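Single-structure report; data block below.
The values are calculated or read from the model by the stated rules, or taken from the named source; none is laboratory data. The structure presented is a predicted model; accordingly, all values stated were derived computationally and were not measured. Counting neighbours? That spans all protein chains shown, and the Cβs are built from the backbone with ideal geometry, glycine included. Heads up: the accessible areas ignore ligands, DNA and RNA and are worked out on the full protein's heavy atoms, side chains in. Shrake-Rupley method; radii C 1.70, N 1.55, O 1.52, S 1.80 Å.
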Amino acid sequence: MISEESKARFDREVAKYPADQKQSAVMACLSIAQQEQGYISESTERDVAQYLGMPVMAVHEVTTFYNMYKQRPV
């Protein structure tokens with residue numbers, strides 16, 4: 001579950017991109033979620049995907065491609 005404070009931070013990141021390209025903020029949103037929760041869970045990936053209007057698999061691909069995202073609690 002992503003907090004309202006984090007969603008407000010998501011809004012600020014999404015505002016940096018044209019309205020039809022808000023998926024470009026996926027890395028920033030994942031970083032914000034990881035700061036809040038300590039890692040990126042499957043439910044977090046679903047929440048970010050829903051928020052950005054993109055497929056969950058696309059978010060998962062970003063999470064697994066970059067080693068800066070932790071998929072388990074550290």
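Spelling out what I want: for every residue of the range 32-46, take phi, set θ = phi - 60°, compute 6.51 cos²θ - 1.76 cosθ + 1.60 (Karplus), and round to whole Hz; glycine and proline get x.
Using θ = phi - 60°, the values come out as 4, 4, 5, 4, 6, 9, x, 6, 10, 8, 4, 5, 5, 4, 5 Hz.
Solvent-accessible area per residue for the chain at a 1.4 Å probe radius, Å²?
Per residue, the chain has 64 Å² of solvent-accessible surface.
Could you look at the chain and say what percent of its accessible area is carbon and sulfur, using a 1.4 Å probe and all protein chains?
The C+S portion of the solvent-accessible surface of the chain is 52 percent.
Provide the convex hull volume over Cα atoms per residue for the chain, in Å³.
77 Å³
Starting from the Cα of Lys70, draw a straight line to each of the aspartates and glutamates and keep only those under 15 Å, dropping any in the same chain fewer than 8 residues away.
Result set, ordered by chain and number: Glu36, Glu42, Glu45, Glu61.
For the chain, what is the relative contact order in percent, using Cα pairs closer than 8 Å and at least 6 residues apart in sequence?
30 percent.
Identify which of Ala25, Ala33, Ala58 has the largest mean-square fluctuation in a Gaussian network model of the chain, with springs joining Cα atoms closer than 10 Å.
Taking springs between Cα atoms under 10 Å, the residue moving most is Ala58.
Considering only the other residues whose Cβ falls under 11 Å of the Cβ of Gly38, what net charge follows from Lys and Arg at +1 and Asp and Glu at -1?
+1
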